Amino acid sequence: MLPALLEPALREQEPLAVAMIDLDHIQAINDRHGRDAGDALLKSFGELLSKQARTGDVACRSGGEEFCLLLPRTDAHTARRRVNALLSWWRDAEFRFDTGLSKGHAFSAGIADSFLAPGAPADLLGAAQACLAEAKRLGCNRVLVFDADAAGQEGAD
């Protein structure tokens, strides 16, 4: 989907934001509440993404506990506000399992857009993934935006 969305964004000189999101500490949920609980959280997060998506947005699970958001006509800083709103909701969500209550969840995210990380789809995706890796390295539970000028990231919670 990324190449199909990036081509018209470049042609029309509109931004396309990519957000890579990785749910933090899913293994701890699996260990405490069982794999079915971890699967339920993954499903719930996918449903949250679907509910919050605008027409034209693409939300998908990219593997394991990682999700990808493609946000046409959205710059990285606007995407950061949207992803931070998702993070706030996710932190407040509570889930009841047979083994007890689970709350205080978090995720880490990396965001880039086609203006900050111009080039091929792989370049844009790579910039978002690099920000995600840095968010995880810094301790999780944060959203970082690619900063081409600094060749790194800038954070915002």
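Inside the range 11-25, residues that are open to solvent by 10 Å² or more (accessible area, probe 1.4 Å), over 12 Å from ALA135 (Cβ atoms) and not basic (Lys, Arg) make up a count of 5.
Here VAL58 does not qualify as within 29 Å of PRO3 (Cα to Cα), in contact (Cβ under 8 Å) with a residue 60 or more places away in the chain, touching a strand residue (DSSP E or B) at 6+ places or on another chain (Cβ under 6 Å) and not charged (D, E, K, R). Count of the range 118-145 residues, restricted to those that are surrounded by 17 or more Cβ atoms within 10 Å (Cβ to Cβ) and part of a loop (DSSP other than H, G, I, E, B), is 2. Of the listed requirements (1) in a loop (DSSP other than H, G, I, E, B); (2) modelled with pLDDT of 95 or more; (3) over 15 Å from VAL18 (Cβ atoms), ASP149 misses just one: (2).
Taking helices (runs of 4 or more DSSP H) as the structural unit, those lying wholly within the range 1-89 and holding at least 1 residues that are closer than 18 Å to ARG142 by Cα correspond to 26-33, 35-52. Among the candidates ARG73, ARG96, ARG80, which residue alone is more than 15 Å from the chain's Cα centre (by Cα), touching a residue at least 40 places away in the same chain (Cβ under 8 Å) and open to solvent by 30 Å² or more (accessible area, probe 1.4 Å)? Among ARG73, ARG96, ARG80, only ARG73 is more than 15 Å from the chain's Cα centre (by Cα), touching a residue at least 40 places away in the same chain (Cβ under 8 Å) and open to solvent by 30 Å² or more (accessible area, probe 1.4 Å).
Against the conditions (1) touching a strand residue (DSSP E or B) at 6+ places or on another chain (Cβ under 6 Å); (2) open to solvent by 80 Å² or more (accessible area, probe 1.4 Å), GLU65 satisfies every one except (2).
Of note, ALA120 satisfies the criterion of being more than 14 Å from the chain's Cα centre (by Cα) and under 20 Å from GLU14 (Cβ atoms).
Selection over the range 99-117 of residues that are assigned to a strand (DSSP E or B), over 12 Å from the mean Cα position of the chain (by Cα) and closer than 15 Å to ASP24 by Cβ gives a count of 2. Mind listing just one residue for me: the one in the range 79-131 that is in contact with a Pro (Cβ under 6 Å, 6 or more places away or on another chain) and of a type outside the set (Ser, Thr, Tyr) and, of those, farthest from SER50 (Cα to Cα)? Residue satisfying both the conditions and the ranking: PHE115. Residues that are loosely packed, with under 15 Cβ neighbours inside 10 Å, closer than 23 Å to ALA135 by Cβ and under 13 Å from the mean Cα position of the chain (by Cα) do occur in the range 53-61.
The values are calculated or read from the model by the stated rules, or taken from the named source; none is laboratory data. All values derive from a computational prediction rather than experimental measurement. Every residue, glycine as well, gets a Cβ built from its backbone with ideal geometry; the counts of neighbours run over all protein chains shown. Just so you know, the surface numbers come from the protein's heavy atoms only, side chains and all, with ligands and any DNA or RNA stripped out. Shrake-Rupley method; radii C 1.70, N 1.55, O 1.52, S 1.80 Å.
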